[in-house]
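The structure appears below as structure tokens.
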Amino acid sequence: MRELSDFCKNLKKGFINRQINPNKPVGFWPEKDILNGKITDSFVIILRTRGCSWSHKSGCSMCGYFNDTMWGDDVTDENLKKQFEAAMDGYNNEKIVKIFNSGSFFDEREISIKLRYKILNKLFEKAEKISVESRPEYIMQTNLSDLMQIIVNGIFEVGVGLETSNDFIRKYSINKGFTFNDYIKSAKVLKNNNIKLKTYVLIKPPFVNEKQSINDAIETVKKIKDITDIISFNPVNIQRNTLVSFLWNRKYYRPPWLFSIVEILKESKKISRDILLKCDIVGGGNIRGAHNCRICDKEFLKSIKEFSLYQNLDVLENLDCECRDKWLDQIDIEEYGFGSLVNMFG
Ligand code: SF4
Ligand SMILES: [Zn+2]
């Protein structure tokens with residue numbers, strides 16, 4: 001649908017990046033993660049590039065990552081090297097390093113082949129596992145062959161934002177710009193190279209109501225459980241200058257309920273069994289992020305975080321609150337509307 005694609009593009013028209021220092025990364029911080037079934041220290045680095053190429057062309061309906069980029073201004077290898085060095089000042093030999101760039105690690109317009117190699121080479125001196133992210137079109141043998149020599153002893157993981165296995169939703173709601181088949185092809189390339197695949201699944205894309213979103217996430221898990229090594233659920237949060245924020249400002253969109261997320265995690269664990277399931281909730285408990293009634297949000301968020309680390313369904317079992325009825329009402333009432341409707345209950 002050209003309309004959606006054009007709309008996402010036009011939203012960025014006239015956008016001026018406020019980021020003026022190409023030598024500073026977006027951020028870096030330590031956090032806990034899992035390695036070989038054990039809780040392990042990890043280190044996250046977000047590099048500031050010129051921005052995701054798809055975002056420049058049009059962009060996904062919920063993605064405001066471009067707000068953090070240099071948005072088209074040249075970011076040279078020298079700049080990125082300085083960003084990387086600045087981030088490494090905070091590195092304490094954590095065994096897992098996640099190096100993201102709010103786009104695609106394998107897109108040469110963002111990070112050159114030479115620099116990719118240098119970065120991974122440096123990180124694998126200490127790290128046992130390195131994670132990057134990429135759209136499927138850049139996951140090609142030519143982009144991986146050179147890297148294979150440095151990955152021999154470590155675990156290399158690529159995260160792909162599939163969002164949903166449903167091509168209709170991916171195209172008409174998310175404007176993702178690739179198909180399920182493209183994802184499958186990239187998964188095969190990764191497997192042939194012994195590289196792990198983490199798949200991001202979006203919870204509650206725009207124009208998809210609460211119930212459809214729960215079903216869609218569960219259906220997606222069924223379709224990818226034999227393809228991916230990790231599934232990471234991303235509940236939509238309202239990011240600036242996006243289609244989702246446009247809808248939200250007009251009261252046509254509510255971020256997902258935490259009840260829905262718990263439902264998805266419980267069902268997904270039953271279906272996927274040994275696959276690692278994670279859910280990082282950006283802006284959780286806030287009106288711009290996944291939330292319930294505010295009173296129970298903290299408890300839900302804590303339990304979901306704990307589940308993501310320990311994979312134990314027990315922590316999700318006894319979660320309840322009076323607002324459960326409101327969540328159920330919303331699910332019922334939305335059936336009679338079109339798409340993800342107004343913010344009925346806050
Ligand atoms: S979600 Fe990923 S692919 Fe889509 S615009 Fe954002 S960075 Fe690019
Ligand atoms: Zn509540």
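Within segment 1-24, whose backbone N sits under 19 Å from a point 7 Å along Cα→Cβ of THR179? Residues 1-2, 5 qualify, since their backbone N sits under 19 Å from the label point. About the centre of its Cα atoms, segment 1-60 shows a dipole size close to 340 debye [charges on the beta carbon of Lys, Arg (+1) and Asp, Glu (-1) only; nearest 20 debye]. Can you figure out the FRET efficiency of ILE113 with LYS211, using R₀ = 45 Å and their beta-carbon distance, to the nearest 0.05? For R0 = 45 Å, the calculated efficiency reads 0.50.
Report the extension gain between LYS24 and ASP329 in nm, rounded to one decimal, defined as 0.36 nm multiplied by the number of residues separating them, less their alpha carbon distance. Numbers along the way, then the final one.
Working: separation 305, 0.36 × 305 = 109.80 nm, distance 4.67 nm.
Net length gain for the segment: 105.1 nm.
Applying the Kirkwood pairwise sum to the alpha-carbon positions of segment 1-65 produces a hydrodynamic radius of 14.6 angstrom. Label-to-label distance, GLU219 versus LYS126, with points set 7 angstrom from Cα along the beta-carbon direction: 4.6 nm. Our note on the geometry: Cα centres of segment 240-264 and segment 29-86, 23 Å apart. Each of GLU78 and PHE15 was given a label point 7 Å from its Cα along the Cα-to-Cβ line. The distance between the two points is 2.8 nm.
The slack in the chain from ASP146 to ARG273, taken as 0.36 nm per residue of separation less the alpha-carbon distance, amounts to 42.3 nm. Structure note, pairs LYS32/LYS191; LYS126/LYS198; LYS38/LYS222; LYS95/LYS305; LYS57/LYS81: Cα-Cα distances above 24 angstrom occur for LYS32/LYS191; LYS38/LYS222; LYS57/LYS81. For LEU202, the amide hydrogen comes within under 5 Å of the amide hydrogens of GLU163, THR164, ASN234, counting only partners 5 or more places away or on other chains and with H modelled in the peptide plane.
Taking the DSSP beta bridges in the chain as the whole, what percent of them are antiparallel, to the nearest 5? Walk me through the numbers on the way to the answer.
Numbers: 9 of 37 bridges.
Around 25 percent antiparallel, to the nearest 5.
Only helices enter the 222 nm calculation for the chain: every DSSP H run of n ≥ 4 contributes -39,500 (n - 2.57), and dividing by all residues gives -11000 deg cm²/dmol, rounded to 500.
Each Cα pair of the chain feeds into the Kirkwood radius, which the Stokes-Einstein equation turns, at 20 °C and 1.002 mPa s, into a diffusion coefficient of 104 µm²/s. When +1 charges are put on Lys and Arg Cβ atoms and -1 charges on Asp and Glu Cβ atoms, the dipole computed for the chain relative to its Cα centre reaches about 660 debye. Using a Gaussian network model of the chain whose springs link C-alpha atoms within less than 10 Å, name the residue from ASN292, ASN143, ASN36 with the highest mean-square fluctuation. Most flexible of the set in this elastic network: ASN36. Annotation: amide H-H contacts under 5 Å for ILE155 (H modelled 1.01 Å from N, sequence separation of 5 or more, or interchain): LYS129, ILE130.
Using 30 Å as the Cα-Cα cut-off, could you pick out the over-long pairs in LYS12/LYS118; LYS223/LYS251; LYS129/LYS225; LYS13/LYS326; LYS171/LYS298? From the list (LYS12/LYS118; LYS223/LYS251; LYS129/LYS225; LYS13/LYS326; LYS171/LYS298), the Cα-Cα distance tops 30 Å for LYS12/LYS118; LYS223/LYS251; LYS13/LYS326; LYS171/LYS298.
Bear in mind that the values in this text are calculations on the coordinates, not laboratory data. Note that the structure is predicted; figures quoted are calculated from it, not measured. So basically every Cβ, Gly included, is an ideal-geometry build from the backbone, and we count neighbours across all protein chains shown.
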